[in-house]
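S.K.: For reference, the structure I am asking about is given below.
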Amino acid sequence: MGCTNKSQRGKVFVPQNISKSNARYPSKTKLQIIKKDSTGRQTGINTVSFNFTRPFIFSAENLNLPNLTHISRCVLPGIDPHGEHEKKCQDICLYIYNKQDILLALFDGHGKEGEKVVAACAAVVESFFKENIENYSDTPESFLENLCNACDSNVKRTGNGIDSTNSGSTAVLVLVHNNYIYSASLGDSRAVLGTGLQPTVLPVPKSVNHDDTKHMYPLIPGLFPVQLTKDQKPEDPDEYARILKNGGIIKRINDNGKQIGPFRVFDSSGKYPGLAMSRSIGDSSGSSLGVISTPICTSLPLTGKEKFIVLASDGVWDVIDNEDVVVFIESFRKKCLDTCTPPENVEASSTIIAQLLGEEARMRWLKVISEEDVMVDDISVIVLQFKDND
């Protein structure tokens, strides 16, 4: 974990194995980035050095709730390796609970106003839970759907100081209520359950953008990753049909004849809004094109074999697959601290499990940067742990 290796295309921190004792991560790095021309041909190497950002959000606490024992959260701001652009953090994650229920929420903003969008959503989550959770005791899916729509309405509300024309956010929500896990999502942030019992019926099929090349670690026998939310990408058949019906166009960006990046939603001109997701909060310019704020909701009964739930933004899922995330958390969560302040030297024995997973994701981003010369994305993580009933 966190060891230094030499790749074929430059010196990069690439974790190779899970250490049985600890996991350590550096506070800075030196990286060789491949320079390419418009045809993709390598023309040289740039060497950059940069410090890793400190946590923007960081907290953890023990819980005294039915079936639940601990929760931690962390947001690591993104990085421009070249230091040419100031990158504002547009991720927020939070949780709120009463004597019986806990709600987890994670928002990954985009666009010029993304920072304002996620802040507005976080405020809605807290007030909506406090004022409404008792009214939805028998209809928790409706609670999550109405909460997403309330966030969208607040972001688009006239006079709120937010221009949501081309700014918005993903959303992933998990409610543990009445011995069930209820989930809702918009966009490509994701929630995954680590459990000792594989469900007979999965909440959603394996993600359409699941990439087995991101899987680096051997599976742990008797540990199963169960995806709770469905990524909403424009190329998904159901999403694709809705957007085309509303006059939208789905395509990748053309760069000198080369198709690059993910599929995106455009209007008939092919210029705007360029969204890489088919559902979101905000993004007013996409509303008429079939980009909606109604989430996809799922539910799963508790069996007593659940170990933890992890919510994360695509800053994690773009570089680590479900299996590796679950194996990583299970390998280190009991070695991490229950509570602490952000440490200077990050390792399993000095921090919380949410930060440790975020640091692992940043290590994997280094290889992507060296080959594609991109920024490190904002990285958000929430880890909710269940009581050990084994």
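Read-outs: derived from the displayed coordinates by stated rules, not from any lab. Please read these numbers as outputs of a predicted model, since none were measured by experiment. As a convention, Cβ positions derive from the backbone with ideal geometry for all residues, glycine included, and neighbour counts pool all protein chains shown.
S.K.: Sorted by mean Cβ packing within 10 Å, highest first, what order do the peptides 98-108, 215-225, 362-372 take?
M.R.: Per-residue mean Cβ counts within 10 Å order the peptides as 98-108, 362-372, 215-225.
S.K.: Sticking with the crude label model, points 7 Å out along Cα→Cβ, report the distance from SER27 to HIS85 in nm, one decimal please.
M.R.: With each label point 7 Å from Cα toward Cβ, the separation is 2.8 nm.
S.K.: Another one. Which Rg and Dmax, in Å, describe the Cα atoms of the stretch 237-287?
M.R.: When restricted to the Cα atoms of the stretch 237-287, Rg and Dmax are 10.8, 32 Å.
S.K.: Just to be sure I understand the rule: take each whole DSSP H helix in the chain, project its Cα atoms onto its long axis, keep it if the span is 27 Å or more and its mean Kyte-Doolittle hydropathy is at least -0.5. Which ones pass?
M.R.: For the chain, where a helix must reach 27 Å along its axis and average at least -0.5, the hits are 353-372.
S.K.: Identify which of ASN135, ASN256, ASN160 has the largest mean-square fluctuation in a Gaussian network model of the chain, with springs joining Cα atoms closer than 10 Å.
M.R.: Greatest mean-square fluctuation among the candidates belongs to ASN256.
S.K.: Could you list, in their original order, any pairs among LYS36/LYS116; LYS28/LYS87; LYS30/LYS112 whose Cα atoms are separated by more than 27 Å?
M.R.: Check vs 27 Å cut-off fails for LYS36/LYS116; LYS30/LYS112.
S.K.: Here is a follow-up. When Lys and Arg each count +1 and Asp and Glu each count -1, what net charge do the other residues less than 15 Å away from CYS89, Cβ to Cβ, add up to?
M.R.: Summing Lys and Arg as +1 and Asp and Glu as -1 gives -2.
S.K.: What distance in nm separates the two pseudo spin-label positions at VAL374 and THR200, each 7 Å out from Cα along the beta-carbon direction?
M.R.: 4.0
S.K.: Could you tell me what a quarter of the Cα convex hull surface of the stretch 262-358 works out to, in nm² with one decimal place?
M.R.: Result: a mean projected hull area of 9.5 nm².
S.K.: In square nanometres, what is the average projected area of the Cα convex hull of the chain?
M.R.: 19.2
S.K.: Give me a comma-separated list of calculated 3J(HN,Hα) values for the stretch 300-315, in order, Karplus coefficients 6.51, -1.76, 1.60 applied at θ = phi - 60°, integers in Hz, x for any Gly or Pro.
M.R.: 8, x, 6, 10, x, 9, 5, 10, 6, 10, 10, 10, 8, 7, 5, x
S.K.: Check LYS87: other-chain or 5+ apart residues with amide H under 5 Å from its amide H, H built from backbone geometry?
M.R.: ASP80
S.K.: Determine, from the Cβ-Cβ distance of GLU126 and LYS335 and an R0 of 30 Å, the FRET efficiency 1/(1 + (r/R0)^6), rounded to the nearest 0.05.
M.R.: Using R0 = 30 Å, I get an efficiency of 0.40.
S.K.: So, in nm, how far is label LYS36 from label TYR180 when the simple model puts each one 7 Å beyond its Cα toward the Cβ?
M.R.: My value for the distance between the label points is 4.6 nm.
S.K.: Using mean Cβ contacts within 10 Å as the protection proxy, how do 72-83, 161-172 order, highest first?
M.R.: Per-residue Cβ counts within 10 Å, averaged per peptide and sorted highest first, yield 161-172, 72-83.
S.K.: On a straight-distance basis, which lysines could pair with LYS99 in a cross-link, Cα separation under 26 angstrom, same-chain partners fewer than 8 positions away excluded?
M.R.: LYS130, LYS305, LYS307, LYS334, LYS387
S.K.: Please state the Cα pair-distance histogram of the stretch 113-236 with 10 angstrom bins from zero: what percent is in each bin?
M.R.: All Cα pairs, binned at 10 Å, distribute as 11, 35, 32, 18, 4, 0 percent.
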